Number of protein chains: 2
Amino acid sequence: VAGLLGARPEEIIFTSGGTESNNLAIQGLIWELQETYFFPGPRFSLSASRRTSARPFEKVSFLPHFITTNIEHPSVLETCRMLEKRGLVELTIVPVEANGIVDPEKIKKAIKQNTVLISIIYANNEIGTIQPIREIAKEIRRYQKYGGKTFVNTKVLPPYLPFSPLFHTDAAQAANYLDLKVEKLGVNLLSLSGGKIAGSGRIGVLYRKKGTPLINVFGGGSQEFGLRPGTENLSEILKFSRALKLAQRNREKETKRLLKLRNYFIDQLLHSKILKNYRIVLNGDLEKRLPNNVNISIPKIPSDLLVLELSARGVYVSEKSACQSREGESSYVIQALNKQGRSLPKENISSLRFSFGPDTTKANLNYTLQSLSKILQKLEKWYN
Amino acid sequence: VAGLLGARPEEIIFTSGGTESNNLAIQGLIWELQETYFFPGPRFSLSASRRTSARPFEKVSFLPHFITTNIEHPSVLETCRMLEKRGLVELTIVPVEANGIVDPEKIKKAIKQNTVLISIIYANNEIGTIQPIREIAKEIRRYQKYGGKTFVNTKVLPPYLPFSPLFHTDAAQAANYLDLKVEKLGVNLLSLSGGKIAGSGRIGVLYRKKGTPLINVFGGGSQEFGLRPGTENLSEILKFSRALKLAQRNREKETKRLLKLRNYFIDQLLHSKILKNYRIVLNGDLEKRLPNNVNISIPKIPSDLLVLELSARGVYVSEKSACQSREGESSYVIQALNKQGRSLPKENISSLRFSFGPDTTKANLNYTLQSLSKILQKLEKWYN
């Protein structure tokens, strides 16, 4: 696994899944900072004793600041919000643009004196948009270049911590199609999920660049360098490493194949004779998205009904993420796009996600297009 | 799983393993208390708004108090210590007696006005001693009977919280041989580990009695009633439930069979002609221990050497728990017994753990006894 990421073996921590990897990256940082750096006064003191029995919250002189986006997976977004609610961090949520991609400039502008972590999803789980991870890393490195000094309101302020803001990316959805080389990406922390790779099981990985502050979230044994107590799930670890190897080996070939299918499918959804009257809207960027993802909104027609109707015809699509925490609500990712002044009417925030896999063929897509057309023909009488 | 525990389905939370179950029980309580009950002043106010954006640590008026023992699994003991170090709890560690069993009277005496959680291992993972869970539960219930009032120094003090101290037990080692009916045990929280049940895999369960304060440790989706975000490991859940069913169905018959073997093995270790000269000491109670566990100390002979020598003869035993967090040190469980004035010399804290399984026969034990005798004969020249 380390080899596939261009990392060292001691930088790879196995967890129980993507949710745990993201939580470990985010929560593990907070407590490490608490224990190591936070002392009275605005400056840290590295010479002060590392472990202290004093209550840490009496030592806190400033709140660590996190930056993330409004289209993160719930295991990042909800974890950040949870820590904010508990008074452990200050949180800035940078909204993405109308195409579902975050502007690196906006991330840069959000960096403050107390910024310790920036967490941006590599490829979104609902709309598949690919975030400019390298560009954002470059902005953070620029900050590093000036000796960790930050420029807020054109004033040079001393940083609180002896390192630049750390950069974490949730790469769960990226493993099958994108480059995972951590040095190229420029990240300190990277999460992977076995559940998103064919042939793997429920297991996760957190890459942690050597020296990145992190402490175990669970108390217990000293497995995984003490960062993840509990007996290692060896059989799943082996399955995961083989599955990731296969996925990364095939990713360029498979991307090429799927891109053709994806672009054909999007084109047909938006412009084909049988569907163009329904004014289908593509959610997320037309190009900068995973090759296996198409996400659309169809004005006025409820998407839960479409999921059922398509399912009855053997086409399985989803409405939003299975990990969305507030059930009954529509996707917050689609809502995030609509906030940026898209032409879509406000009340129309329902969506359909089509995911392709290694077995998907053009015939499958044509059948799906035909089915969708028939369903819409049937439903439009009631909803128009 | 609920049926086997005499619980309701909504009281069963699947986790990634025993370590996570214990952490969820302990850490999940702390944050639920923080968010729900802690307000300025010594008393809680149930009418105050449940969620508040204020920093929780400015609201804390007292520290929650935990009680545990000095022979808990590291995922309980280290988690409690971690929370204590972070200033989130006050911790009392009640030492066990020389036979490795905790005195319920000492637990009762440790209960204070701010006690919120008592966590006692059902059966110890190294020495197999079975703790008096029902008796301890009775002491806690007595406290409940007096309307949650506690008697410290003969003065009646008002409790801080509207419930009695919660009772958690780590039943990971108990699943194969002991009664798991939660009502009989009288616990609010109970942890199980698939790793300790034949036929199951790396998965865990936390039983949480309805109404027991608990909040998710991980941020994320709403799986497992919102208490354990992340896609459920369905195949492992099915394997676990079948394995637990089988284990609980066979436990009385298997206990009977193993008790005979265990008592024979102990008798031979302590009294047989070929071994009695080595003054072997049994660690843990002679009777109140798991039927598959024998743990001994052999004066003067280093146990790591014995592990290697036995292994070379095809007998696989362990020295201490794989989950012990401080490597290189001897078992803290054996140290705990020696603190209680056993006759064993202080420097002799090495130990050997023999575990039996469904395939263990008397012939296996005789072979082990013979092997041990030969090894000791060889080694004693150098160590006496």
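The values are calculated or read from the model by the stated rules, or taken from the named source; none is laboratory data. Bear in mind that the values here come from a model prediction, so they are computed numbers and not experimental data. Ideal geometry is used to build each Cβ from the backbone, glycine not excepted, and the neighbour counts take in all protein chains shown. We work out accessible area using only protein heavy atoms, side chains counted, and drop any ligands, DNA or RNA first. Shrake-Rupley method; radii C 1.70, N 1.55, O 1.52, S 1.80 Å.
Scanning region B:338-357 turns up no residue that is modelled with pLDDT of 95 or more and more than 22 Å from the chain's Cα centre (by Cα).
Exactly one residue out of A:Thr255, A:Thr169 is more than 12 Å from chain B (Cβ to nearest Cβ), in contact with a Phe, Trp or Tyr (Cβ under 7 Å, 6 or more places away or on another chain) and open to solvent by 10 Å² or more (accessible area, probe 1.4 Å): that is A:Thr255. On the stretch given as region A:213-227, residues that are out of contact with any strand residue (DSSP E or B) (no Cβ under 6 Å at 6 or more places or on another chain) and either away from chain B (no Cβ under 11 Å) or part of a helix (DSSP H, G or I) (or both) total 3. Answer yes or no: is there a residue in region B:189-205 that is open to solvent by less than 10 Å² (accessible area, probe 1.4 Å), in a strand (DSSP E or B), in contact (Cβ under 8 Å) with a residue 12 or more places away in the chain and small (Gly, Ala, Ser). Looking for residues that are open to solvent by less than 10 Å² (accessible area, probe 1.4 Å), in a strand (DSSP E or B), in contact (Cβ under 8 Å) with a residue 12 or more places away in the chain and small (Gly, Ala, Ser), one finds at least one in region B:189-205, hence yes.
For region B:287-305, enumerate the residues that are open to solvent by 60 Å² or more (accessible area, probe 1.4 Å) and within 21 Å of the chain's Cα centre (by Cα). Matches in region B:287-305: B:Glu287, B:Lys288. Determine whether region B:247-270 contains at least one residue that is touching a Ser or Thr at 6+ places or on another chain (Cβ under 6 Å) and either small (Gly, Ala, Ser) or touching a residue at least 12 places away in the same chain (Cβ under 8 Å) (or both). No, region B:247-270 has no match at all.
Going by the conditions given, is B:Asn295 within 14 Å of chain A (Cβ to nearest Cβ) and among the polar types (S, T, N, Q)? So B:Asn295 fails the test. Taking the numbered list (1) open to solvent by 40 Å² or more (accessible area, probe 1.4 Å); (2) of a type outside the set (A, V, I, L, M, F, W, C); (3) within 23 Å of A:Ile121 (Cα to Cα) in turn, A:Gly284 passes all entries but (1). I need a count of the residues in region A:249-287 that are modelled with pLDDT under 95 and in a helix (DSSP H, G or I). Residues flagged as modelled with pLDDT under 95 and in a helix (DSSP H, G or I) within region A:249-287 amount to 3. Exactly one residue out of B:Glu35, B:Glu58, B:Glu78 is at pLDDT below 55 and within 8 Å of chain A (Cβ to nearest Cβ), and it is B:Glu58.
Taking region A:151-203 only, how many residues are on the phi > 0 side of the Ramachandran plot and at pLDDT 95 or above? Residues flagged as on the phi > 0 side of the Ramachandran plot and at pLDDT 95 or above within region A:151-203 amount to 1.
Restricting region A:358-384 to residues that are part of a loop (DSSP other than H, G, I, E, B) and surrounded by fewer than 18 Cβ atoms within 10 Å (Cβ to Cβ), the residue that is nearest to the chain's Cα centre (by Cα) is A:Pro358. Quickly run through region A:105-121 and pick out the residues that are without any contact (Cβ under 8 Å) to a residue 60 or more places away in the chain, under 15 Å from A:Ile71 (Cβ atoms) and open to solvent by less than 40 Å² (accessible area, probe 1.4 Å). Listed by number, the residues that qualify are A:Ile107, A:Ile118, A:Ile120, A:Ile121. When B:Glu84, B:Glu126 are screened for being assigned to a loop (DSSP other than H, G, I, E, B), among the acidic types (Asp, Glu) and either surrounded by fewer than 19 Cβ atoms within 10 Å (Cβ to Cβ) or at pLDDT 90 or above (or both), only B:Glu126 passes. Applying the condition of being open to solvent by 10 Å² or more (accessible area, probe 1.4 Å) and β-branched (Val, Ile, Thr) to region B:264-281 and asking which residue is farthest from B:Glu97 (Cα to Cα) yields B:Ile274.
The set of residues in region A:1-32 that are modelled with pLDDT of 95 or more, within 11 Å of another protein chain (Cβ to nearest Cβ) and over 21 Å from A:Lys196 (Cβ atoms) contains only A:Gln27. Residues that are within 14 Å of another protein chain (Cβ to nearest Cβ), part of a helix (DSSP H, G or I) and open to solvent by 30 Å² or more (accessible area, probe 1.4 Å) within region B:228-248 comprise B:Leu234, B:Ser235, B:Leu238, B:Lys239, listed in sequence order.
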